[in-house]
1. For Asn140, which of the numbered conditions (1) in contact (Cβ under 8 Å) with a residue 60 or more places away in the chain; (2) within 17 Å of Ala244 (Cβ to Cβ); (3) within 16 Å of the chain's Cα centre (by Cα) fails to hold?
2. Of all residues in segment 171-196, which are open to solvent by 10 Å² or more (accessible area, probe 1.4 Å) and more than 9 Å from the ligand (Cβ to nearest atom)?
3. With Ala155, Ala149 as the choices, which residue is touching a Phe, Trp or Tyr at 6+ places or on another chain (Cβ under 6 Å) and in the same structural domain as Ala26 (by TED's automatic domain parsing)?
4. Just to be sure I understand the filter: pairs with C-beta atoms under 6 Å, separated by 6 or more residues or on different chains, first member in segment 209-230 and more than 26 Å from Ser13 (Cα to Cα), second member in a helix (DSSP H, G or I) and away from the ligand (no atom under 14 Å from the Cβ). Which pairs pass?
5. When you scan segment 136-170, how many residues do you find that are assigned to a loop (DSSP other than H, G, I, E, B) and either more than 13 Å from the ligand (Cβ to nearest atom) or under 15 Å from Ile252 (Cβ atoms) (or both)?
6. Conditions: (1) over 21 Å from Ser15 (Cα atoms); (2) among the hydrophobic types (A, V, I, L, M, F, W, C); (3) modelled with pLDDT under 95. Leu127 meets all but one. Number of the miss?
7. Of all residues in segment 1-48, which are touching a residue at least 40 places away in the same chain (Cβ under 8 Å), touching a strand residue (DSSP E or B) at 6+ places or on another chain (Cβ under 9 Å) and more than 13 Å from the ligand (Cβ to nearest atom)?
8. Test Ser237 against the criterion of being more than 30 Å from Met1 (Cα to Cα), among the polar types (S, T, N, Q), within 16 Å of the ligand (Cβ to nearest atom) and at pLDDT 95 or above, and give yes or no.
Amino acid sequence: MEFTNKTAVVTGSTSGIGLAIARELASKGANVVINGLGDAGEIEAARAGIAKDFGVQCTYSDANMMVPEQIRKMIGDAVAKFGSVDILVNNAGIQHVCPIDEFPEDKFDAIIAINLVSAFHATKAALPGMKAKHWGRIINVASAHALVASPYKSAYVAAKHGIAGLTKTIALEVAEQGITANAICPGYVWTPLVQKQIPDTMKSRHLTEEQVINDVLLAAQPTKKFVTMEEVAAMASYLASNAAAPVTGTVIPIDGGWTAH
Ligand code: NAD
């Protein structure tokens, strides 16, 4: 039970990769704060499921990752409840697929706010407590799009490249204080985020659904397989472990060979 007596805050964990990471950390003993949007009943079922399945404490924060005060409150509430935030997983993210000359300004701003700027606010709020304990783990869920671009994803690619730079900077600033910062870069993972972009990609590229899956999404991944949420969660768990103490400032692809091209 590697994470007994540790507290993890995982943003965007009411669904997809974040929920898988929250469950993985809880399975190794961490108390967990889940966060995200969605149906209240489904969120409560996810929260109660973590507490029941793993015998840990699990709370829910409804902080909107577009609102800095709410992000600070999420971290403050976690510290008040559990005494510390030891593992911070900045995972919340959204996508919008559209040519740049038609890209809605409000969508661009929202993607930068949720996928990039929220990680700054959460990290800023969590670091003083980590420094005091001389132990901390910042894990940013970036994307293969932190390393390479794809057309029609200007905001997402900009945000994800940005979070790679933020990760490295945090790592350098706290390297001597027992705190690591790393970014995980998944390729395509079959989650609602990917499912929802299929119709827009069909429109932007004039393709059928099957063509989008095989010729756009899986074409990028030499393995021709979607990465699983559990595979991403296993990497997050490793990065949170004591064994990963010297691993910091890295931007790690889990992408079936995509960025080896
Ligand atoms: P998802 O849509 O299943 O989950 C996204 C989560 O973010 C949800 O819990 C949602 O409620 C939350 N969220 C969205 N807007 C929010 C806001 N304003 N405030 C708080 N929470 C908010 O998507 P996912 O695929 O699990 O994505 C999780 C992360 O993984 C994202 O950062 C995404 O960019 C990244 N990622 C996903 C893939 C993929 O193929 N699915 C690949 C690489 C990286």
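The values are calculated or read from the model by the stated rules, or taken from the named source; none is laboratory data. Note that the coordinates shown come from a computational prediction; the quantities given were computed from them, not determined experimentally. Cβ atoms come from the backbone with ideal geometry, glycine included; neighbour counts cover every protein chain shown. When the accessible area is computed, the model is the full protein with side chains, heavy atoms only, and any ligands, DNA or RNA have been set aside. Shrake-Rupley method; radii C 1.70, N 1.55, O 1.52, S 1.80 Å.
1. In the conditions (1) in contact (Cβ under 8 Å) with a residue 60 or more places away in the chain; (2) within 17 Å of Ala244 (Cβ to Cβ); (3) within 16 Å of the chain's Cα centre (by Cα), Asn140 misses (1) alone.
2. Within segment 171-196, Leu172, Glu173, Ala175, Glu176, Gln177, Gly178 qualify.
3. Result: Ala155 is the single residue among Ala155, Ala149 that is touching a Phe, Trp or Tyr at 6+ places or on another chain (Cβ under 6 Å) and in the same structural domain as Ala26 (by TED's automatic domain parsing).
4. Here the result reads Val212/Met202, each pair linking segment 209-230 to a residue that is in a helix (DSSP H, G or I) and away from the ligand (no atom under 14 Å from the Cβ).
5. Here the count works out to 7.
6. Here Leu127 meets the rest and fails (3).
7. Phe3, Lys6, Thr7, Ala8, Leu25, Ala30, Asn31
8. no
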